[in-house]
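Notes for the one structure printed next.
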Amino acid sequence: MTLSILGWMCTRHDLGGGSGCCGQAGNGSHPRNESGNDFAIYSRPARRGCNDLLKPHVAQVLVCDPRKNALLKAGNKSDRIDARKLADLLYLNKLNPVYHGETGIRALREVARSYLALTRDTTRVMNRLKALYRSWAIPCAGQRVYAPCYRSNGWPKISEAGVRRRAEIYYQQLDALRSLREQVRRDLLAEGRKHSAMKLLRQIPSIGPIRAVLLIALMQTPHRFRTKRQLWAYCGLALKTSTSGDTEWWRAS
């Protein structure tokens, strides 16, 4: 039996005949498939939860990329039709699997995602603060605008009470994000020390502790890549050539 699930909504049907609805569990069986229970999942936001839920109950869970399956783009589109096509492709071994990650570093990956999200949020609030000061023609070059001593000097120059209140809210948000980011940073380093690969990555010039931990969390294993060039491109180390007229330059991808 070949099973197929499509994102959030799944339908159950038999490729040899009848059809029926089975809530959120969808399957499509093929009469020629006698290899056991296989499950194909589209690469969607819910794939990790579906993978963990189904893995103990089936022989294989395959997460595939629908963009690389031309058959899914042809003809009419519906959950039932796509489930039938997906089951056929799985039976014919024509699905391109997507790397799903290793369970051994899941805790590190979640902490790394939290750290990167907090870093982006902190940068966003800092940019909003500078944009506010620039709109009132107040000099705000460098990092001193975020220091506590600058707040008392900058606010008197803003005559509008509503704008001053907005700047105060931004500073409160920035202080909270910095405190939380520092806490997550300590958790990230503590989790990274549990992996022996961190010491090896630290031997590379310009690779510090944070970058080494993030490489482990995001790359997971170099063996997931077919060639070293794919690894370089994924890590942002590949060179990209651009040409305009007679000018040619290179930059990291």
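The chymotrypsin sites (Phe, Trp or Tyr not before Pro) of the stretch 109-185 that DSSP puts in a loop, and whose beta carbon has at most 15 other beta carbons within 10 Å, are 136. Which stretch or stretches of the stretch 200-226 have amide N atoms under 16 Å from the point lying 7 Å from residue 238's Cα along the Cα→Cβ direction? Within reach of a label on residue 238: 219, 222-226. With contacts taken as Cα pairs under 8 Å and at least 6 residues apart, the stretch 103-220 reaches a relative contact order of 38 percent. Residues whose amide H lies under 5 Å from that of residue 238, counting only those 5 or more places away or on a different chain, are 233, 253; hydrogens are built 1.01 Å from N in the peptide plane. Shown here for the stretch 129-196: GluC sites (Glu not before Pro) in loop regions (DSSP other than H, G, I, E, B) with at most 11 other Cβ atoms within 10 Å, namely 160. Of the trypsin sites (Lys or Arg not before Pro) found in the stretch 77-163, those in coil by DSSP whose Cβ has at most 15 other Cβ atoms within 10 Å are 77, 94.
Any read-out appearing in this document is the output of simple, stated calculations on the displayed coordinates, not a laboratory observation. Everything quoted here is computed from the prediction, not taken from an experiment. Ideal geometry is used to build each Cβ from the backbone, glycine not excepted, and the neighbour counts take in all protein chains shown.
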